[in-house]
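Only one structure is covered here, and it is reproduced in the block below.
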Amino acid sequence: MRHFSASKTALCLARPARYFSGCPRIFSQAPKVSSKSRRSQQSSANERFNYNSNPFDHSDISEPHLSHYPLLTASQLSAFSSPPKRVRLLTRDFIDDALYNPNYGYFNQQAVIFDPDEAVQKQDIGNQQQLPQQGFKFNEIRNSSAFDREVLRRYGVLEGEQSSVALPGRDASSARQVWHTPTELFKVRHHPSGNFCSPNG
Amino acid sequence: MHQPWYARAVARFLVEQHKQNATSNEPLLIYELGAGNGTLMRGVMDYLSLFEPEVYASTTYHIIEISNRLSELQRAKAGENHAGKVEVINQDVFAYNRAPETRRCFVLAFEVLDNLAHDLVRFTLDPQTDPVPLQASVSISSTGEFVELYEPVQDALIADFLRLREGLDLPPLHASWPSWMRQLRAAVPFSANLSRPYYIPTKLLKLLRGLNTSFPHHRLLLSDFSSLPDAIPGWNAPVVQTRYKGQTVACTTYLVSQGFFDIFFPTDFKLLQHLYGAVRRTWTSESGVEQQAELEVCSHGAFLERWGETSETRLRNGENPMLDHYQNAAFAYTR
């Protein structure tokens, strides 16, 4: 089977991946090493980081079997407890696995959908109590920049200081990836009794 | 004084479509794919129970949800008021294996298409030959690094999509340059050997086919992003981003550590319209059952203007965030 290697553009595109190619060492003990000693480390270490990648240095992709690794699908990876190595995936399977893998996928460990009520409850009365849906009091908000500020404020409350991606070695539950949807922003506002107010009430 | 907004517009749309078409005693069946916190379900069911009690009595609302955590949330949300009317099916929609729903039903998909994985193809730029599509695969090395490889299309789904795409009444995906321009380009030192990336919605094609099999008499209502800022380079390319210390960090490649980044795509609604029609007509000709194949598309604002109670989300100075926000979103529906 003949493989075409992507031209320069793709090599450049691939680079940012390394910043995150994922192990705690990057934050604790990543040594600054010359490219020579870096290369000598490769044989022993299982991870490596290239802070100053050189577009003419093709050693990065010199692994001889890269194009012969078995081609797997996302559903075959659903049993993996950590991201796979020495495999090949179609782009759609790579993305599918990154988002939906039951063990390390983005949606199963990171994503939280923004609920404007949760922010208010968290701030005002602690997290325990269940209140009826509040939403926003649209008719009391002055203009759209005031609305944006209020959304941002609640967003900040919800994300809290802990908000960040869960770095390896840190407690994943402390990380929240919050995103918002129109359904949440423009949701039903309940009267505290649990019933709707009448449209003209 | 303060009334619902987004979910109620959806509910009003559903009720009107249902009343227009339904025979007497026909139940209102709703299937929502990927229901998030369950807020849309809650809003729709609340509206029906209060303002359309007769329709509500015949309504069942099913959610097909891949996430364990979210399906628990949705069950809790339904339990408050709508126990027995809402069913949460904790299953990947692509693994959905129940017997086909033979009754008429609505299928809702809100911000579902954006997180459907896409394939990547690039075309050869060889001046001597016509462009050939190449499929991308990602090879993950022993150290966890990613390398993109390109090979002639072998995957059946990619081949299917490209064949189907060629038959649509749309300009070609990759407009080939005339030979002399390709030769000129090839003469430039360091010129690219492959075209720009094309991110093609292969999982969307799979989803549309699955809808016809599992919900042959469905009517579809969906909303999604028609365009996205900060996308990575390429046609129909995704946004790859994460939140780090309260900041949104956007990347320039999808080749990022798995699980730490959201990867979401814009939806080409023109393509969606044609694709839906093509898949639906194929199914019709195979099954012999006449079905509506026309998918209508309108902007987010236009849909909410028509079906929403816009006065209720108006701010004091007259601005209306429900209409003005999400200008890069659109609705699509069959009647």
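Odds and ends about this structure:
- The lone exception for B:Ile64 - which of (1) surrounded by fewer than 20 Cβ atoms within 10 Å (Cβ to Cβ); (2) away from chain A (no Cβ under 13 Å); (3) within 21 Å of the chain's Cα centre (by Cα) it fails: (1)
- Residues of the stretch B:245-281 classified as under 26 Å from B:Leu173 (Cα atoms), of a type in the set (Val, Ile, Thr) and facing chain A (nearest Cβ under 7 Å), total: 3
- For the residues B:Glu54, B:Glu87, B:Glu16, B:Glu32, the requirement of being crowded, with 20+ Cβ neighbours inside 10 Å and of a type in the set (Asp, Glu) singles out B:Glu32.
- Any hit, the stretch B:187-204, residues being free of Cβ contacts under 8 Å to residues at least 40 places away in the same chain, within 28 Å of A:Ser78 (Cβ to Cβ), buried (at least 21 other Cβ atoms within 10 Å of the Cβ) and within 18 Å of the chain's Cα centre (by Cα): no
- If you go through the stretch B:129-143 and keep only what is in contact (Cβ under 8 Å) with a residue 12 or more places away in the chain and of a type outside the set (A, V, I, L, M, F, W, C), you end up with B:Asp130, B:Pro131, B:Pro133, B:Gln135, B:Ser137.
- Residues that are at the interface with chain A (Cβ under 10 Å from one of its Cβ atoms), more than 19 Å from the chain's Cα centre (by Cα), outside any helix (DSSP H, G or I) and not hydroxyl-bearing (Ser, Thr, Tyr) occur in the stretch B:4-13; there is at least one.
- Residue count for the stretch B:243-271, restricted to those that are at pLDDT 95 or above and among the basic types (Lys, Arg): 1
- Flag if B:Gln241 is touching a strand residue (DSSP E or B) at 6+ places or on another chain (Cβ under 8 Å), free of Cβ contacts under 8 Å to residues at least 60 places away in the same chain, within 30 Å of B:Asp92 (Cα to Cα) and loosely packed, with under 13 Cβ neighbours inside 10 Å: no
- Filter pass, B:Asn97 being at pLDDT below 95, at negative phi and surrounded by 14 or more Cβ atoms within 10 Å (Cβ to Cβ): no
- Residues located in the stretch B:126-159, provided they are among the small types (Gly, Ala, Ser) and within 7 Å of chain A (Cβ to nearest Cβ): B:Ala136, B:Ser137, B:Ser139, B:Ser141, B:Ser142, B:Gly144
- Number of the condition not met by B:Val86 [criteria: (1) at pLDDT 95 or above; (2) closer than 30 Å to B:Leu149 by Cβ]: (2)
- Test: residue in the stretch B:177-192 that is of a type in the set (Ser, Thr, Tyr) and more than 8 Å from chain A (Cβ to nearest Cβ): yes
- Residues located in the stretch B:308-332, provided they are surrounded by 19 or more Cβ atoms within 10 Å (Cβ to Cβ) and at pLDDT 85 or above: B:Ala329, B:Ala330, B:Phe331, B:Ala332
- Elements of type strands (runs of 3 or more DSSP E) contained in the stretch B:59-167, each with 1 or more residues being over 30 Å from B:Thr23 (Cβ atoms): B:60-65, B:86-90, B:119-123, B:133-140, B:146-152
- Residue count, the stretch B:266-304 (criterion: farther than 16 Å from B:Phe110 by Cα, in a loop (DSSP other than H, G, I, E, B) and either in contact (Cβ under 8 Å) with a residue 12 or more places away in the chain or hydrophobic (A, V, I, L, M, F, W, C) (or both)): 5
- Of all residues in the stretch B:19-55 being part of a helix (DSSP H, G or I) and among the acidic types (Asp, Glu), the one that is farthest from the other protein chains (Cβ to nearest Cβ): B:Glu54
- Count of the stretch B:228-244 residues which are more than 7 Å from chain A (Cβ to nearest Cβ) and more than 26 Å from B:Ala109 (Cβ to Cβ): 1
The values are calculated or read from the model by the stated rules, or taken from the named source; none is laboratory data. Because the structure is a prediction, the values reported are computed rather than measured. Because the Cβ atoms are built from the backbone with ideal geometry, glycine has one as well, and the counts that use them run over all protein chains shown.
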